[in-house]
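Quick notes on the structure that follows.
The values are calculated or read from the model by the stated rules, or taken from the named source; none is laboratory data. Computed from a predicted model, the values in this text were never measured in an experiment. As a convention, Cβ positions derive from the backbone with ideal geometry for all residues, glycine included, and neighbour counts pool all protein chains shown. Just so you know, the surface numbers come from the protein's heavy atoms only, side chains and all, with ligands and any DNA or RNA stripped out. Shrake-Rupley method; radii C 1.70, N 1.55, O 1.52, S 1.80 Å.
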Amino acid sequence: MEKLIEEYRQDHELLREAVEGLSEEELRFQPAPDKWSIHQILIHVADAEILATHRLRKVLAEEEPLLLSFDQEAWTDNLGYDRLDRKQHMLLFQMLRASMLPLLENLTPEQLERVGQYPDGVRYTFKELLELRVQHVRDHLAQIERVKEAFREHRL
């Protein structure tokens, strides 16, 4: 569990390092019309974290709570991600993660096994939800690298 918490703690720094030194052109580059720019990925990661933090806290506080998903494409399209402040969203992500650390550092084995359920009946333990948060960021770090590579190829 310590390794998982440490990975969770490091995610903001990994995201920051992944975009450090990139030009605005590179941050806004979309590899295809239906693919996100790095800017949009960062906004999405912060928005997803808002909901994830809510889910994690719900599972710790309530008995088998209902967990809700969101339509990430609708959020990207309808919230005007291109107009949103990337630095504010990175700070929001950092603060959401920091707000969870005191809870994570004092978890009992019983709390790790607390369960939340989605409307379709799929159930996740707190630990599984936490693992998904770390994996979510890892997936988007890989996506950022793919966009950076596509930008380099585009520039050739």
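Lysines near Lys35 by alpha-carbon distance under 25 Å, same-chain residues fewer than 8 away left out - which ones? Within the straight-line cut-off, Lys35 pairs with Lys87, Lys148.
Since only Phe151, His136, Ala74 are under comparison, the one whose Cα sits farthest along the positive direction of the charge dipole of the range 68-156, derived from C-beta charges on Lys, Arg, Asp and Glu, is Phe151.
Can you give the alpha-carbon Rg of the range 54-97 over 2.2 N^0.38 Å, where N counts its residues?
So the Cα radius of gyration is 1.49 times the expected 2.2 N^0.38 Å.
If you sort Tyr81, Tyr118 by accessible surface, 1.4 Å probe, largest first, the order is Tyr118, Tyr81. Protein heavy-atom accessible surface, 1.4 Å probe, per residue over the chain: 57 Å². Subtracting the Cα-Cα distance of Lys3 and Ala32 from 0.36 nm times their residue separation leaves 6.8 nm of extension gain. Spacing of the modelled spin labels on Glu73 and Ile50, each 7 Å from Cα toward Cβ, amounts to 2.1 nm. When nucleic acids and ligands are ignored and a 1.4 Å probe is applied, Val137 ends up with an accessible area of around 0 Å². Whole-Hz Karplus values for the range 20-37 come out as 4, x, 6, 6, 4, 4, 5, 5, 9, 5, 10, x, 7, x, 9, 10, 6, 7 Hz, taken residue by residue from phi with 6.51 cos²θ - 1.76 cosθ + 1.60 and θ = phi - 60°; glycine and proline positions read x. On a 0 to 90° scale, report how tilted helix 86-104 is relative to the longest principal axis of the chain, with both axes built from alpha carbons and the result rounded to the nearest 10. On a 0 to 90 degree scale, this one is about 20. Values of log10 I(q)/I(0) for the range 60-149 across q = 0.19, 0.21, 0.24 Å⁻¹ run -1.18, -1.28, -1.35, by the Debye formula with one identical scatterer at each alpha carbon and no solvent. Scaling the Cα radius of gyration of the range 4-54 by the globular reference 2.2 N^0.38 Å produces a ratio of 1.30. Distances longer than 29 Å among the Cα atoms of the chain: what percent of all pairs is that? Of all Cα-Cα distances in the chain, 22 percent exceed 29 Å. Counting only protein heavy atoms and using a 1.4 Å probe, the accessible area of Phe70 comes to about 50 Å². Among Leu141, Leu56, Leu68, which one moves the most in a GNM of the chain with springs linking Cα atoms closer than 10 Å? For the chain, modelled as a Gaussian network with Cα springs under 10 Å, the answer is Leu68. Taken as Cα centroids, the range 4-47 and the range 85-156 sit 12 Å apart, rounded to the nearest whole angstrom.
Note on the chain: GNM, Cα springs under 10 Å; of Arg16, Arg57, Arg83, the largest mean-square fluctuation is that of Arg83.
Computed with a 1.4 Å probe on the full set of protein chains, the accessible area for Ser99 sits at about 50 Å².
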